[in-house]
Amino acid sequence: MTTPLAAKIARDYGTPCAVIDMDKVERNIARIQAACDAAGVANRPHIKTHKSPLLAKLQIEAGAKGVTCQKIGEAEVMAEAGIDDILISYNLIGEEKMARLAALQAKAHMTVAADNATVIAGLPRAAEISGRPLSVVVECDTGRKRAGVETPAEAIALAREIAASKGLIFAGFMLYPTETGWTEAQTFYDEALAGVRAHGRAMLAGIINSAVISSTPTTFIATATSSASMINCNRRSRATGKPSTAASSAWTVSASRRSQ
């Protein structure tokens with residue numbers, strides 16, 4: 001049934017037309033932040049849900065510690081809008097990307113992900129150009145088979161490589177657990193973190209407090225469990241305001257480390 005509001009939108013703007021109910025948006029933002037606050041973890045939502053600096057700023061004003069972007073172009077838009085704490089959760093490679101990353105370093109605290117030695121080898125160039133150290137997380141595959149190292153031993157080896165690279169700071173592990181794979185992902189994380197600890201406290205200096213990123217219903221699964229070191233930020237259905245069934249991801253680091 002067509003409502004008077006829908007009829008007015010169709011008349012004034014034509015169809016199709018994307019319309020955002022800001023009351024629902026603000027309720028969703030507050031609900032996610034409250035869940036993260038109650039669990040004692042930081043919130044770093046993925047902007048791929050909305051790709052809007054305005055909405056990203058609302059999330060930060062509500063308590064998010066920063067944002068997550070999937071590509072460097074998204075990060076550039078967010079930084080240009082004044083958002084100063086950004087994670088790019090995808091491997092960056094090549095001179096052109098390093099130059100753009102270095103430019104971003106001048107505007108914001110940047111963290112990037114890496115899942116192989118080739119990517120890590122190129123990242124010091126961005127730190128050199130910008131004159132600022134670059135934080136790097138190791139991407140780990142915990143069941144989705146998309147990207148990331150597949151064993152804790154590989155994760156530990158890359159963490160050591162990052163820590164040994166000039167201009168880079170090892171900043172933790174990034175995991176992408178399946179909806180039913182939290183136990184396995186927690187085991188992976190625990191083994192990787194233990195391996196890093198075994199190599200000395202110096203490697204742990206850059207790790208931040210438990211940070212939350214990205215999307216889907218696992219926010220409420222995670223915040224309801226004791227595994228507060230592995231948390232995730234929820235994406236909401238635009239149509240219903242309820243949790244969607246899209247993919248999830250989590251950046252997991254020790255809750256005993258310092259907060260950004």
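The values are calculated or read from the model by the stated rules, or taken from the named source; none is laboratory data. Computed from a predicted structure; not experimentally measured. Because the Cβ atoms are built from the backbone with ideal geometry, glycine has one as well, and the counts that use them run over all protein chains shown.
In segment 41-50 there is no residue that is touching a His at 6+ places or on another chain (Cβ under 9 Å) and either on the phi < 0 side of the Ramachandran plot or not in a strand (DSSP E or B) (or both). When residue 74 is tested against (1) more than 14 Å from the chain's Cα centre (by Cα); (2) among the acidic types (Asp, Glu); (3) modelled with pLDDT of 95 or more, only condition (1) is not met. Residue count for segment 104-118 under the criterion of being among the hydroxyl-bearing types (Ser, Thr, Tyr) and crowded, with 23+ Cβ neighbours inside 10 Å: the result is 1.
Can you say whether residue 39 is surrounded by 13 or more Cβ atoms within 10 Å (Cβ to Cβ) and either in contact with a Phe, Trp or Tyr (Cβ under 8 Å, 6 or more places away or on another chain) or modelled with pLDDT of 90 or more (or both), as far as the supplied structure shows? Judged against the criteria, residue 39 is not a match. So, of the residues in segment 124-139 that are in contact with a helix residue (DSSP H, G or I) (Cβ under 7 Å, 6 or more places away or on another chain) and in a helix (DSSP H, G or I), which turns out to be surrounded by the most Cβ atoms within 10 Å (Cβ to Cβ)? It comes out as 126.
Taking the conditions (1) within 23 Å of residue 122 (Cβ to Cβ); (2) in contact (Cβ under 8 Å) with a residue 12 or more places away in the chain in turn, residue 73 satisfies each one other than (2). Report yes if residue 121 is assigned to a helix (DSSP H, G or I), over 20 Å from the mean Cα position of the chain (by Cα) and buried (at least 23 other Cβ atoms within 10 Å of the Cβ), otherwise no. In short, no. Could you list, in sequence order, the residues of segment 140-167 that are in contact with a Phe, Trp or Tyr (Cβ under 8 Å, 6 or more places away or on another chain) and assigned to a strand (DSSP E or B)? The answer is 140, and nothing else. Inclusion of residue 61 among residues that are assigned to a helix (DSSP H, G or I), farther than 20 Å from residue 114 by Cβ, of a type in the set (Asp, Glu) and modelled with pLDDT of 90 or more is warranted.
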